[in-house]
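The values are calculated or read from the model by the stated rules, or taken from the named source; none is laboratory data. None of the values given here were measured: they were computed from a predicted structure. Heads up, the Cβs are rebuilt from the backbone with ideal geometry, glycines too, and the neighbour counts pull from every protein chain shown. Protein only, heavy atoms only, side chains kept; ligands, DNA and RNA dropped before computing areas. Shrake-Rupley method; radii C 1.70, N 1.55, O 1.52, S 1.80 Å.
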Amino acid sequence: MHYVTSEPVQATLPPHKTIIVLIDPISTSCRIAQEISKRGHHVLALWTSKYAGDSSDKRDKRSPAKYGCGGLRYKLELEEGRDWNWEDDAEGGVEGVLTIVNGVAATFGLKIVGCIAGSGWSRANTLADALAEKLGLPPRLAAAPEKNRDVRNKNTQQELLKESGLRCIRQVCGSELDGTVTEFLEAETYPVVVKPASKSDGKGASIKLCRTKKEAVDHFTHLIESAPGKIEVICQEYLRGTEIIVDNVSYNSTHKTCMVFKYDKRPANGERNVYFAMIPVESDSPEASVAIPYVRNVLDVFGVVNGPTHAECILTEDGQGPVLVELSIRPHGGDGSWSALSRALTGGYSQIEAS
């Protein structure tokens, strides 16, 4: 273990002979790990290469104390490159990691009852889904869309919305500055948003609001050139309106909304969108009454079956209702700093406890 604390988490339920695998339990997912421990389950932390290593920065990111969970003790922590290896495109896939995980459970006489990705990083999610399938655990995503298309990809999300008839964003996506991308940038009203299609696409990748075609072309080129391999970049219409956050937890395709927030973003310090506040929205408000059912329809279209999700939508100024910007198949981030407020407003629960 990397972290030994003087005040371990006290289980509020009798200890079980069970263990749950968490891959990269950072931010809010570390608090979910703490909740799992409180309920009597053991936690096995698998750290991918993004967080594995001995640098002070990576040790800090792995520390439960960083996320307000100083009493959390993992049953075991295993780091990629040191304790396990996995090539997601290699023949045989996840079998090596599966053998190690099953070995840990057998050594301690525990039954594996869950496998969860703790970060939004695509590779961690791919590993979690593959392990869960091999272990015979309930899936987070329905098999059909997941096998054929990556529903975490921002471009795929908009394509699925368009195909289903739900409101979507006007955009184009490409891996090179071809005629389709150029035509979109010539015809679209500015500003436009240029961003990577996946969170794993490129180092230093960023979202940028581009006010001219030249600026859009330059940022598109920057994202392509900064990536270690071939990636996709999205050029997208800029939506004017209020940003609404809808947090859900799903179980067997039944979606329960835990909280709705409204972001207060304003220009400051030379930046376009600086977070000033995250304001709770009442469930019977006009905003929530349209955002909640829309997001639940989105979850169905994307095939979300189990687990927490974090949806970012825009309620546009034209009165046409909500449109999805992005759905993250993970809990609301921010190190779970919003959870105490959520519990106070809902009578004692937040997305963390519901997950």
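Name the pairs: first residue in region 319-338 and among the β-branched types (Val, Ile, Thr), second residue open to solvent by 20 Å² or more (accessible area, probe 1.4 Å) and assigned to a loop (DSSP other than H, G, I, E, B), Cβ to Cβ under 9 Å, at least 6 apart or on different chains?
Val323/Leu166; Val323/Arg167; Val323/Cys168; Val323/Leu239; Val325/Leu239; Ile329/Gly120; Ile329/Arg140; Ile329/Arg152
Counting just the residues of region 54-69 that are buried (at least 17 other Cβ atoms within 10 Å of the Cβ) and touching a helix residue (DSSP H, G or I) at 6+ places or on another chain (Cβ under 8 Å), which one comes out farthest from Pro15 (Cα to Cα)?
Within region 54-69, the match that is farthest from Pro15 (Cα to Cα) is Tyr67.
Would you pick out the residues in region 334-349 that are assigned to a loop (DSSP other than H, G, I, E, B), within 17 Å of Val249 (Cβ to Cβ) and open to solvent by 20 Å² or more (accessible area, probe 1.4 Å)?
Gly347, Gly348, Tyr349, listed by residue number.
Just to verify a result, which residue in region 52-68, among those that are part of a loop (DSSP other than H, G, I, E, B) and without any contact (Cβ under 8 Å) to a residue 60 or more places away in the chain, is nearest to Ser119 (Cα to Cα)? Before the answer, list the steps.
Going through region 52-68, the residues part of a loop (DSSP other than H, G, I, E, B) turn out to be 52-55, 63, 68.
Subsequent filtering for residues that are without any contact (Cβ under 8 Å) to a residue 60 or more places away in the chain retains 52-55.
Working: Ala52: 14, Gly53: 17, Asp54: 20, Ser55: 19 Å.
Applying the filter and picking the extreme gives Ala52.
Applying the selection to region 252-268, what residues are open to solvent by 100 Å² or more (accessible area, probe 1.4 Å) and either farther than 22 Å from Ala340 by Cβ or aliphatic (A, V, I, L, M) (or both)?
Of everything in region 252-268, those that are open to solvent by 100 Å² or more (accessible area, probe 1.4 Å) and either farther than 22 Å from Ala340 by Cβ or aliphatic (A, V, I, L, M) (or both) turn out to be Arg266, Pro267.
Specify which of the listed residues (Glu215, Glu237, Glu271) is touching a residue at least 60 places away in the same chain (Cβ under 8 Å), more than 27 Å from Asn125 (Cα to Cα) and surrounded by fewer than 19 Cβ atoms within 10 Å (Cβ to Cβ).
Answer to the check: Glu237.
Given the condition in contact (Cβ under 8 Å) with a residue 24 or more places away in the chain and part of a helix (DSSP H, G or I), answer yes or no: does some residue in region 280-289 qualify?
There is at least one residue in region 280-289 that is in contact (Cβ under 8 Å) with a residue 24 or more places away in the chain and part of a helix (DSSP H, G or I).
State whether one or more residues within region 265-287 are modelled with pLDDT of 95 or more and among the small types (Gly, Ala, Ser).
For region 265-287, residues modelled with pLDDT of 95 or more and among the small types (Gly, Ala, Ser): present.
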